[in-house]
Every structure is written in C-alpha cells, then in structure tokens.
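**Student:** If you scroll down you'll find the structure; I have some questions about it.
The values are calculated or read from the model by the stated rules, or taken from the named source; none is laboratory data. A quick note: this is a predicted structure, and the numbers were derived from the prediction, not measured. Note that each Cβ is placed from the backbone with ideal geometry, even for glycine, and that neighbours are counted across all protein chains shown. Accessible surface is based on the protein model in full, side chains and every heavy atom, while ligands, DNA and RNA are left aside. Shrake-Rupley method; radii C 1.70, N 1.55, O 1.52, S 1.80 Å.
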Amino acid sequence: MIEFSAFQIFVIFMIILYIIRRPRIGKNEPPLVPYSIPILGHTYNYLFNTKKFFKECKEQYGECFSIYVFGQVMTILSRDSLIEVFRNPDDFDLISAANEVLPLQHLLVYNGGTNRESVKFHAKTAREQVSGKLDLNIGVVQKYLLKGMEKWIGDCNDPKTIYNAWNMVNGIISLPIANILVGEEAASHEDLVKSFENLAFDLGPLLIIPPILSFIHPKLHEFVITLPMKFGWNPVSRHREVVMNRVKPVIEKRLKEKNVLGDNYKPYNDILEYYMNQPDFDHTKPNNLPYHVDNLFVMTFVSINTTSRAAVDALYDLAGRPEVLNELYEEALTIDKECNGLVTLTDVQKMVKLDSFVKESLRHAGNIINLAHYMISKSFTFSNGFTIPKGRKTILYFDDALKSKEYYGNDAEEFKPFQFVNANSPATKVDRSYIIFGGGKHACPGRFFAVNETKLFLHKFILKYKVSTKSGKIEEKLLIGPYTIPSRSGLVFENKVKNK
C-alpha cells in the first residue's frame, strides 16, 4: 500500500487545484495579463502594488484587460468602456457583486437584504423622501449638525487633537440622518442614534476579510463568512432590537393620532411615516416591524457611512491646506451674513467654492477600482469589439477616469480645489469623467442629500473652528489593496473666535 506524506498530499492538491482553476479565456475576450505565479495569479500585485500594476496593465494591454485574482478572472474596464456598464443595466448586475462582499441577505434576514426589487424601493425612497425633501429637511439637518459638533468636538478654546476623525464625523453626521429616518421623538434616544451610527462600522470587518478560500471555489468564501450567521450570530440583531424598542411606541402614538384626528392628522416628515403609509405596513403582524426596521438599516448603511466618509475626507483635505480654509471661510462668512445663520437650500447652492472643493475631494477619494458588476446576460460585446461571457466579474477602473489628463489636464493628479467654480459642474452632476456616484439611470439617488449635507457640515464647521493636521502636512489616505480608508492621523481643532 502506497503511503503519502502530508507534503506529497499538499503537492498533489495544488496540482489538481491548478488544473481545475486555471483561467480559460475565450475568443474575442479582453487579453488576460500574463502572470508568473500559478494559482495566485495577480493577487499579490492587486493587493500590494495596486496603482502601479493597473497603470502598467492599461499601458501594455489597452482599454480592457483581464486579471486573475483570488482564483477568479476579472475584467477591468477603463474610462472609455466603463460607461457601457452604466448604459446597460440589464446586462450588468451590481447587486450580486455587492452581496458577494457584504452578504446583506444573511444579515438583514427580515427583508432579505438587497435584491433588484428591494433596491428599486430603496432608490425610490432615497430619491423622493431624502434627496427630494432636502429643502424641507434643511432646518433639521443644520440643527442637529450643530448639536453633533457640540457633542463630538465641543469647545476648543485650547487646541484639541482628535485622532481617527472618521468616528467623530460619523457621530456628527448620524444625528441629523437619524432624525430624518425616524423623526425627532425616536431620535431623541441616544441608544437608537448609536445603533445607526455604529451599524456600518460593525459590518466593516466583513468587507476587509480577504477571500482566500475563493482560490478553491468562488462560493467557499461566502459560505465560511456566513457560517456563524447560520448558527445565530448576527451583528445586526442587537441594533434591530434597540431600534424596534424605540420606534414601536412612536408608531403606536402616530396611529392613535390618525384615528383621533382623521383627515386633520398632519403627517410627520420622516422615513418612518413613509413606511407606515406603505400598503404592507402592519406592525402588529409578526416580522412586519422587523422587516421595516431592516429597510431602515439599508437606508442607514448607504446614507450615514457614505456621507460621513465624504465629510471626513473633505475635513482632512481642508486641514492640510490652510490657504483653502481661509478662502472658504470668506465665502462662508458672506453667506452666513446674508442668511443670518439660518441656511436654506438656496444658500447651500450659493456655496460654489465649497461645492468645487467637495467635488475635488470626492475626485481624490482614492479607490483605484470600484463598483464591481457581474455580467448576467448570455454575453456582452463592447463597442471596442471585446466580448465577455455570462458570469464574468467586471470592475471599473475609477482612477483611470477620475485622474484622466484628457478630462482634468496634465496636472490631473494634483488637488485643485476650485477648478469647478465656473465650470457648470456641481458635485452632484454625473458624467463620464466623474463617476463617483456611478452613472446612468442607476446613479446614486441619494447623492444630492449626501453632497449638500457634507457642504452644510463644512459650512457650519468652518464658521466655528480652525483645523490643521497634527503633522503640519497633507495626510494621505490609507490604502488597503485597491481601496482606501481615511487617515487616522491627528487633527487639531481650535475655536475660530477665542473665548475670553
């Protein structure tokens, strides 16, 4: 009987794995970039040499090229091809690719996470009830932004250094959004606001677990990270319990008011009221209230986390550029005098220098690639003649579009805070050169709220505080593979006007 050592078994396993997982590229597909390490493919360069690797690939292999990462062929689409993904949403699916990274269908167990139908509902909610009502909500937003700044930053008569400012900004941004989601009565409870504030950060570790097991099979990674959830562990559960306990009495109070007042009932201007008006709403039925709370969590995840990320990036960009801070202060002071401190949406739209600065900060968000999609039709042929098969993951080469010399000049890599001031190109405008919010009919519907809340936060902040980096330098974002997170370096805050 032949006996094999552990090493021999490992070698045999690796040979079999190599044969099974060896990439196969069909006719007319984008070229597969050659690699020298079997099985691993381009994974090392993808994780540790990202910017240079993608730039060299495009220079050598053109507009579209494929790489082999974590046991899977991925096609990278540069600026001229990625627009076709936005124009053909029936062929490219963002949701399945997103669920692969963050399995919301296993976390938000009462509403099934995100699928095509639920995403339509959430997009409609964001478009009509959040962005569409910004003029009505602007007073609530500024009221609670100021309360948030007082809580998280406070008096800085003596300079105050805060590290990892994302946590701080996330707390500030959470307060007005909580009020828009569930109304002032429910949002007056600190534990509810805290749950909204922490939800995305609690799910964050799932986003950064490298899919090592995908080398064996693409579904194995998802199976392993969701295994604890099958046995009852779920980081969303405790947040769901908190929110349900706080909104249930509010719902019952509103229903009672409706019964008493009839046609004289004045609807509340929040998402909770919107859910209560849905035909399937009945909080007395089992799982109905948890279903709508999970819907709230989808809105929470896409609003608080993304807006706070935009705001903290802008804050770090501001802190390292005192000359920009001074110029924005002059604009803020002029508008503040005109509106006597009570900003309207019209006033926010007058902040043209701040808008340009925010757009430039978003342009420099730093993600090399983003917005993975799966090709879901039989095949798709791009206008350049390349064809990709069903099931192929495509990833958009953001850096190629956002740092394009064709669009932004020879100094496209530079931070140019006021380049959009007279360009009729607001931070909310989506076009082929500015794809931060996606594109086409599925461009982020909440971008109007996110940009305007970020501007309002910065406006109020600039009037109240001076900020600088602890190091005295412009702080770079932290790169995790092809993606970035904000710097954790210290920011120094001082009152704009010293107390006597």
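**Student:** Just name one of LEU102, VAL312, VAL358: the one whose Cα is farthest towards the positive end of the charge dipole of the chain (beta-carbon charges, Lys/Arg +1, Asp/Glu -1).
**Tutor:** LEU102
**Student:** Which FRET efficiency, nearest 0.05, do SER404 and LEU227 yield, Cβ-Cβ r, R0 41 Å?
**Tutor:** Details: r = 43 Å, r/R0 = 1.04.
That gives a FRET efficiency of 0.45.
**Student:** Let me ask something else about it. How much net charge surrounds GLY171 when only the other residues with a Cβ under 12 Å from the Cβ of GLY171 are counted, with Lys and Arg +1 and Asp and Glu -1?
**Tutor:** Values: positive: LYS147, LYS151, LYS194; negative: GLU150, GLU190, GLU197.
Local charge sum for GLY171: 0.
**Student:** Beta carbons within 10 angstrom, averaged per residue: use that to sort the peptides 71-79, 213-221, 249-257, highest first.
**Tutor:** Values: 71-79: 21.8, 213-221: 16.6, 249-257: 14.8.
Peptide ranking by packing, descending: 71-79, 213-221, 249-257.
**Student:** Any idea how far apart GLU117 and SER379 come out in nm if each label point goes 7 Å out from Cα toward Cβ?
**Tutor:** Label at GLU117, label at SER379, 3.3 nm between them.
**Student:** I've got another one for you. State in Å² the accessible area per residue of the chain; use a 1.4 Å probe, count heavy atoms of protein chains only, and round to the nearest integer. Could the numbers behind the result be given before it?
**Tutor:** Details: 23570 Å² over 500 residues.
That works out to 47 Å² per residue.
**Student:** Shifting gears a bit: Where in region 154-179 does the label zone of LYS194 land, with the point 7 angstrom along Cα→C-beta and an amide N cut-off under 11 Å?
**Tutor:** None, by backbone N distance to the label point.
**Student:** How much length is gained on full extension from LYS429 to ILE208, taking 0.36 nm per residue of separation minus their Cα-Cα distance? Could the numbers behind the result be given before it?
**Tutor:** Working: separation 221, 0.36 × 221 = 79.56 nm, distance 3.00 nm.
Value of the extension gain: 76.6 nm.
**Student:** A further question on this structure: Can you give the relative contact order of region 6-495 as a percent, counting alpha carbon pairs under 8 Å and 6+ residues apart? Intermediate results must be reported in sequence, preceding the final value.
**Tutor:** Working: 694 pairs, mean separation 122.4, N = 490.
Relative contact order, region 6-495: 25 percent.
**Student:** A follow-up question, please. Give me the net charge for the shell around VAL260: Cβ to Cβ below 13 angstrom, other residues only, Lys and Arg +1, Asp and Glu -1. It would help to have the intermediate numbers written out before the result.
**Tutor:** On the way: positive: LYS253, ARG254, LYS256, LYS258, LYS266; negative: GLU252, GLU257, ASP263.
Spelling it out: positives minus negatives among the neighbours equals +2.
**Student:** Of the heavy-atom accessible surface of the chain (probe 1.4 angstrom), what whole percent is carbon and sulfur? Could the numbers behind the result be given before it?
**Tutor:** On the way: 13340 of 23570 Å².
Answer for the chain is 57 percent, counting heavy atoms of protein chains only.
**Student:** Additional query: Quick one: length gained pulling PHE48 to ILE216 fully straight, 0.36 nm per residue minus the C-alpha distance? Don't skip to the end; give the middle numbers.
**Tutor:** Working: separation 168, 0.36 × 168 = 60.48 nm, distance 2.16 nm.
Length gained, PHE48 through ILE216: 58.3 nm.
**Student:** Give me the one-decimal nm value for the distance between modelled label points at ILE37 and ASN245, 7 Å along each residue's Cα-to-Cβ direction.
**Tutor:** In this crude spin-label approximation the distance works out to 4.8 nm.
**Student:** Among all the lysines, which ones have a C-alpha under 29 Å from LYS256's C-alpha, if same-chain residues fewer than 8 places away are not counted?
**Tutor:** Partners found: LYS124, LYS133, LYS143, LYS194, LYS248, LYS266, LYS285.
**Student:** For helix 322-339, what angle does its Cα long axis make with the longest principal axis of the chain, in degrees from 0 to 90 and rounded to 10?
**Tutor:** The angle comes out near 40 degrees.
**Student:** Once you have the Cα-Cα distance between GLU413 and ASN28, take 0.36 nm times their residue separation minus that, and quote the gain in nm to one decimal. Intermediate values should be presented prior to the final figure.
**Tutor:** Numbers: separation 385, 0.36 × 385 = 138.60 nm, distance 3.33 nm.
Going from the current span to full extension adds 135.3 nm.
**Student:** Quick query: amide H of PHE70 versus all other amide H atoms, modeled in the peptide plane; which residues come in under 5 Å with a sequence gap of 5 or more or a different chain?
**Tutor:** THR43
**Student:** With a sphere of radius 14 Å drawn around the Cβ of SER383, what net charge do the other residues whose Cβ falls strictly inside it have (Lys, Arg +1; Asp, Glu -1)? List each step's numbers first, then the result.
**Tutor:** On the way: positive: ARG79, ARG87, ARG432; negative: GLU63, ASP80, GLU84, ASP91.
Its environment carries a net charge of -1.
**Student:** Return, ordered by residue number, the residues of region 402-432 whose backbone nitrogen is under 11 Å from a label point located 7 Å along Cα→Cβ of SER471.
**Tutor:** The answer is none.
**Student:** If you line up the long axis of helix 190-208 against the longest principal axis of the chain, both from Cα atoms, how many degrees apart are they, to the nearest 10?
**Tutor:** 20
**Student:** If the cut-off is a Cα-Cα distance under 16 Å, which lysines reach LYS359, setting aside same-chain residues fewer than 8 apart in sequence?
**Tutor:** LYS350, LYS403, LYS416, LYS429, LYS455
**Student:** Just one of (i) 122, 52, 39; (ii) 73, 51, 40; (iii) 83, 59, 45 is Cα extents along the principal axes in Å as worked out from the coordinates here. Which one is it?
**Tutor:** Looking at Cα extents along the principal axes in Å for this model, the match is (iii).
**Student:** Between ILE485 and LEU345, take the C-beta separation as r, use R0 = 35 Å, and let me know the FRET efficiency to the nearest 0.05.
**Tutor:** Here the calculated transfer efficiency is 0.70.
**Student:** Among GLY385, ASN88, THR428, whose Cα sits farthest toward the positive end of the charge dipole of region 6-495 (+1 at Cβ of Lys/Arg, -1 at Cβ of Asp/Glu, about the Cα centre)?
**Tutor:** GLY385
**Student:** Helix 237-261 versus the longest principal axis of the chain: what is the Cα-based angle in degrees, 0 to 90, to the nearest 10?
**Tutor:** Roughly 40 degrees between the two axes.
**Student:** While we're here: When only the heavy atoms of the protein chains count and the probe is 1.4 Å, how do LEU478, LEU107 rank by accessible area, highest first? Present the calculation step by step, with values, prior to reporting the outcome.
**Tutor:** Working: LEU478 70, LEU107 0 Å².
I get LEU478, LEU107, largest accessible area first.
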